[in-house]
1. Relative contact order (percent) for the range B:123-195, with alpha-carbon contacts under 8 angstrom and 6 or more residues of separation?
2. Report the label-to-label distance for B:Glu80 and B:Ala21 in nanometres (one decimal), using points 7 Å from each Cα along the Cα→Cβ vector.
3. Could you work out, for chain A, what percent of all Cα-Cα pairs fall into each 10 Å distance bin, beginning at 0 Å and stopping at the bin that holds the largest distance?
4. Considering the convex hull of the alpha carbon atoms of the range A:6-131, report its projected area averaged over all viewing directions, in nm², one decimal.
5. Add -39500 (n - 2.57) for each DSSP H run of 4 or more in chain A, then divide by its residues: what number comes out at 222 nm, to the nearest 500 deg cm²/dmol?
6. Please find the FRET efficiency linking A:Gln281 to B:Glu130, where r is the Cβ-Cβ separation and R0 is fixed at 41 Å, and quote it to the nearest 0.05.
7. At each listed q (0.07, 0.10, 0.12 Å⁻¹), what is the log10 of I(q)/I(0) that the Debye formula gives for the protein assembly as shown modelled as equal alpha-carbon point scatterers?
8. What trypsin sites (Lys or Arg not before Pro) does the range A:209-304 have in DSSP loop regions with at most 12 other beta carbons within 10 Å?
2 protein chains.
Amino acid sequence: MAVIECVPNVSEGRRTDVVDALVESIRRTASVRLLDHSSDATHNRSVITMVGDAASLKAAVLALFEAALSRIDLRAHAGEHPRLGAVDVVPFVPIEDVTLQECVALAKETAADVAARFQVPVYLYEDASENPQRKNLEDIRRGEFEGLAAKMATPGWTPDYGPTSPHPTAGAAVIGARMPLIAYNINLATDRLDVAKKIAAAIRFSSGGFRYVKAMGILLEERGIVQVSINLTNYEKTPMFRVFEAVKREAERYGVSVLESEIVGLVPAAALVGTAEHALQLAAFTPNQILENRLRGVDRTSSV
Amino acid sequence: MAVIECVPNVSEGRRTDVVDALVESIRRTASVRLLDHSSDATHNRSVITMVGDAASLKAAVLALFEAALSRIDLRAHAGEHPRLGAVDVVPFVPIEDVTLQECVALAKETAADVAARFQVPVYLYEDASENPQRKNLEDIRRGEFEGLAAKMATPGWTPDYGPTSPHPTAGAAVIGARMPLIAYNINLATDRLDVAKKIAAAIRFSSGGFRYVKAMGILLEERGIVQVSINLTNYEKTPMFRVFEAVKREAERYGVSVLESEIVGLVPAAALVGTAEHALQLAAFTPNQILENRLRGVDRTSSV
């Protein structure tokens, strides 16, 4: 049974009645399951996590846009998190019995429908984007809502769908497909922020590190330690264990040890199984050997 | 929903018609699911793996005894694997939503019923046994079927249930409860058998190693390497990762590296998650963070 995850980020995190209405629009959509939603007042942003099949998720996203466009006016929006649209980002993520390519197709269909129905310009991103200049969310979002009209007038920034000027109150939307993302933090037994920043720079793609890693070094003031805060954007290709070991080794260089690590939110089982395979040098292991998979009659002969 | 695993070992591995009849007796039992069965002609022994609830498993075990006792005569049995009974060992294993203690109770009930119905003497073992002399399967089985009459006449070897002399053709049965067992082999990049034997001795309980480890060193002749062949008898208390790291460190002492490892048969998901937790120094991780658990609406707030 195909399971796709969809994680819309919307530009409202303060007015609870608005957030409730947005979440409700998802709840009301048949065959879609709401897994989680969280709001951040400082960011003035909310993240909704839902799962379902392709058709139901598209319906849910359209319902979300309908609810959002009548309630969110970006001209009056202020918050710490950069944003381009009332409904800012909508990634589709393959979870079970579905491929990344199928999610790309869903992203494109959804983008076309959003543009046609709401007259909101849409940019495809990540694996749904064929343009390397417009793959990375940060690159597309740069300039934010306020800079959008000017940006859209420049060559190379015609949206993939919809009008060639911003929606007056909803801006633009960024829709795409990606592998499950793992939010992973590694805490170091030191208060030296420069160490965390250097290690983050060493492991992240943008400054020469692993291909599917985003990272930054931050200070955890209350605890008096530092953290390498990481997004693993493709745990199959750049696995957790390899990144952990690299951080550990880099820290040694500074005489610093790894205190602990933490996974923020959800992690796919395969990422943990893959970690165990690395740690134990397991050969010829298949998920079919996991007892609980056999109990559920799940056939997982291909190694994840 | 309570899931218990039961793994009867029977003394027949050559006559396929007999094995078929034994497996069929399980298949015919309502509410029991046959997960696996495998036979070894050299050992002249078969292992059947099934899951179900307590009452159904007891019914299945009784059906198995009925089918086995009319077909297996130990006076005519020869094979490489030591055996005490036609149905030799019957462990009950907690898998989901059931405790080890509940499996102990089930083992005792089943043992009482087997003894009463078939006049087969039964010894409890592992966690179902309160007698330290009669906990370990090897200790109970020592002397095998041929030495059973003499053994049963000695003090301290009165069976827990049933007659005080062996069943003439079926011997005795050993029934108990234990944690899931993980059959785990670590292959070393050397052909020095003494190294594998020394490492096995270092890590196993019987010669001073970890409490819940059985191990032996063996030669894999075709591959020209050696193997530390391990049974992890309580992966929660003596986890995989710790044993792997100990073997790796011991091997270093001899200038030998770990080539690979392999899990034989099934492994509980929690053992792999626990391995990942160790390998990544994960703090505050709960199985509720595993995406697939959330999709199934499984609530796993307690850390496994």
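1. 38
2. 2.7
3. Per 10 Å bin, starting at zero, the Cα-Cα P(r) for chain A comes out as 6, 25, 31, 25, 12, 1 percent.
4. 7.4
5. Counting only the DSSP helices, I get -10000 deg cm²/dmol.
6. 0.55
7. Results for the protein assembly as shown at q = 0.07, 0.10, 0.12 Å⁻¹ read -0.57, -0.95, -1.18.
8. Those satisfying the criteria are A:Arg211, A:Arg223, A:Lys237, A:Arg296.
The values are calculated or read from the model by the stated rules, or taken from the named source; none is laboratory data. These numbers were taken from a predicted model, which means no experiment stands behind them. Virtual Cβ from ideal backbone geometry, glycine too; neighbours counted across all protein chains shown. With ligands, DNA and RNA removed, areas are computed over all heavy atoms of the protein, side chains included. Shrake-Rupley method; radii C 1.70, N 1.55, O 1.52, S 1.80 Å.
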